[in-house]
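Here the structure comes first, spelled out in structure tokens, and everything after it is commentary.
The values are calculated or read from the model by the stated rules, or taken from the named source; none is laboratory data. Bear in mind the structure is a predicted one, so any value in this text is a computation, not a measurement. Heads up, the Cβs are rebuilt from the backbone with ideal geometry, glycines too, and the neighbour counts pull from every protein chain shown. The accessibility values were calculated without ligands, DNA or RNA, using every heavy atom of the protein model including side chains. Shrake-Rupley method; radii C 1.70, N 1.55, O 1.52, S 1.80 Å.
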Amino acid sequence: MKKKFFYLMALVLTTVGFTACNSDDEKDPVTVNFSQAKYTVEGNIGDKVVITATTTAPVEKAIKVAVGINAMSFTSSGDALLPYELSANTFDFAAGSSSATITVIRKAIGEGSLTLALTAADGVKVGTMGTAEISFAGPNIYTFDTDADILTDTREYKVTLETAQGKPFSYANDTEIPVIVGAKSTAVEGVNYEFVGGKVAKFQAGKSEGVVAVKFLKYEEGKDKLVLALDKKTLHAGNFGTLTIFVTGTPNFAGEWQYDGIWKQNSEWWANSWMVDDDALAILVDGTSADSFKFEVADGGYQFTPNFAGKLKNYFTKAVKAAYIGARDERMQELAMMNPPIWQLFRYEFEEVNKNISATDSKAGKGRVGFFFTTDEDTNKEYLIMTIYDYEPTDATAFGYYTWKDIYEMMAYSTPIETVMESAPIRIAFIRK
């Protein structure tokens, strides 16, 4: 009986010993997974993301786990053969570690995705998260504040940055993006204009808005257009991807302008020199603060949109293009009868006006209208002064010695240089709405 017991115990111990040895020699493989299923690379060339793989337990010796490309889709506008670069083709686990990384680096502008897959290695098996999708965000976008402007002196043009998803985008450090001068430009750099502080758009660190600064130098007919864009190797164009600047040297009259009455100096001059008081002026021109017009920059000038309920509607009968036709030295009789100062009046040819300024009589045709800015010395308020001197009034309502028809006929007899009433201008003051 004793012999049988010892025999059974020996058999059990031998079996246990064999099992233990077998466990040491054939350990279960370590499982490897991506630490997350989705990653995103931002929109600039050089942007990168770190991909991490982890094991369920530290590896006893250094191992390499290969990573393969499972799928890729990409719309590229860059010159790179591949839109990405991997820092390595394997996850290199050091002995005793349970994580390893590789870096995905963007090499081209565009958007798409890349799916990476882990490959089993000796002593390592792939777990349930064996693939990871890397999304390449669409390119960051720039847009100018407007698509057209007029260069008068020195101007800073704002550029806004945002991500492909429409969120504000900024650089970590102060950044300068090269500016491209478009092929349709006719203005000559260094002659008609120059960039201030470099041919770049400047962005401060952490700011999504930057500026391009341009200075007016000289106006030349036929050399008055400048088309700007940003270097598309780093950014894509947004709503206003180009900015067309008309290098005219004229003041910028764009905006909405509210009627403020006949310019005080002009009204006084009509009363003192022609015995045309405010009531007589109102036969042709009147209005209220509800009267206004809008100037929007257009090729070679402005788009003019009137909103007049007063008698100005009899001159400006509809929305038209107002083309710039040059500056004119104007002798400001209103300011001094002897040796009047000369101010520069900027003239625009309106496609169509009614030169009769009448609700009943009409002489439709192109009309020249002048503009300049002035500031009231007492109130320090800035006015836009509209000068109407291309008009042919037919109103026969008597005021004192004259009618408007009489005044026109007298002026026509004097053989004008350009327009009949250039020496009898009506100047109307507007304030910015």
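Using R0 = 35 Å, the C-beta based FRET efficiency linking E220 and T374 works out to 0.80. Structural descriptor for the range 352-433: relative contact order 28 percent, calculated from alpha carbon pairs under 8 angstrom and at least 6 residues apart.
Normalised by the number of residues in the range 199-331, the average gap of Cα pairs under 8 Å and 6 or more apart makes the relative contact order 16 percent.
Helix 2-25 axis versus longest C-alpha principal axis of the chain: approximately 30°, rounded to the nearest ten. For the peptides 362-369, 407-414, 107-114, the ranking by mean Cβ contacts within 10 Å, running from highest to lowest, is 107-114, 362-369, 407-414.
Using a simple spin-label model with pseudo-atoms 7 Å out from Cα toward Cβ, T317 and T56 lie 8.9 nm apart. Once you reduce the range 258-292 and the range 313-342 to the center of their Cα atoms, the two points are 15 Å from each other.
Mind pulling up the Rg/Rh value for the range 299-433? Radius of gyration and Kirkwood radius, both on Cα. Write down the numbers at each step before the final one.
On the way: Rg = 15.4 Å, Rh = 16.0 Å.
Checking Rg against Rh, the ratio lands at 0.96.
What part of the accessible area of the range 107-229, given as a whole %, is carbon or sulfur when the probe is 1.4 angstrom? Ligands and nucleic acids excluded, carbon and sulfur give 46 percent. Here the contact order of the chain, divided by its residue count and restricted to Cα pairs under 8 Å and six or more residues apart, works out to 10 percent. Residue by residue, the range 108-117 carries 3J(HN,Hα) couplings of 8, 7, x, 9, x, 8, 9, 10, 9, 10 Hz when phi is fed to the Karplus relation 6.51 cos²θ - 1.76 cosθ + 1.60 (θ = phi - 60°); x denotes Gly or Pro. Placing pseudo-labels 7 Å out from each Cα toward the beta carbon at E382 and A164 gives an inter-label distance of 4.2 nm.
Sorting 386-395, 316-325, 87-96 by their mean Cβ neighbour count within 10 Å, with the most densely packed peptide first, gives 386-395, 316-325, 87-96.
Taking all protein chains into account, the per residue accessible area for the range 282-366 stands at 48 Å² (1.4 Å probe). Fully extending the segment from N44 to T394, taken as 0.36 nm per residue of separation minus the present Cα-Cα distance, adds 119.4 nm. Using R0 = 51 Å, the C-beta based FRET efficiency linking D279 and N252 works out to 0.90. Would you please classify the overall shape of the range 182-276 from the alpha carbon gyration tensor, given that a ≥ b ≥ c denote the square roots of the eigenvalues, rounded means a/c under 1.5, and beyond that prolate means a/b larger than b/c while oblate covers the rest? Judged from the Cα gyration tensor, the range 182-276 comes out prolate (a/c at least 1.5, a/b above b/c).
Close amide H pairs (under 5 Å, H built 1.01 Å from N) link V124 with V30, residues at least 5 positions away or on another chain.
For S113 and W343, the FRET efficiency from 1/(1 + (r/R0)^6), where r spans their Cβ atoms and R0 equals 45 Å, is about 0.10.
The angle separating the long axis of helix 404-413 from the principal Cα axis of greatest extent in the chain is about 80 degrees. The accessible surface of the range 240-355, taken with every protein chain in place and a 1.4 Å probe, is 47 percent carbon and sulfur. Computed 3J(HN,Hα) for the range 42-55, one whole-Hz value per residue from the Karplus formula 6.51 cos²θ - 1.76 cosθ + 1.60 where θ = phi - 60°, is 6, x, 8, 4, x, 4, 9, 9, 8, 9, 10, 10, 10, 10, glycine and proline marked x. Which angle from 0 to 90°, rounded to the nearest 10, does the C-alpha axis of helix 264-274 make with the longest principal axis of the chain? Taking the Cα atoms of the chain, the angle to 264-274 is about 20 degrees. Local charge for A66 was computed over the other residues whose Cβ lies under 13 Å away, with Lys and Arg +1 and Asp and Glu -1, and equals -1.
Solvent-accessible area per residue in the range 79-125 equals 46 Å², computed with a 1.4 angstrom probe and all protein chains kept. Computed over the range 158-220, the Cα gyration tensor eigenvalues convert (square root of 5λ each) into semi-axes of 28, 13, 8 Å, ordered from largest to smallest. Modelled spin labels at E409 and I69, positioned 7 Å past Cα toward Cβ, are 8.9 nm from each other.
Taken over the alpha carbons of the chain as equal point scatterers, the Debye sum produces base-10 log I(q)/I(0) values at 0.07, 0.08, 0.09, 0.10 Å⁻¹ of -0.58, -0.67, -0.75, -0.84.
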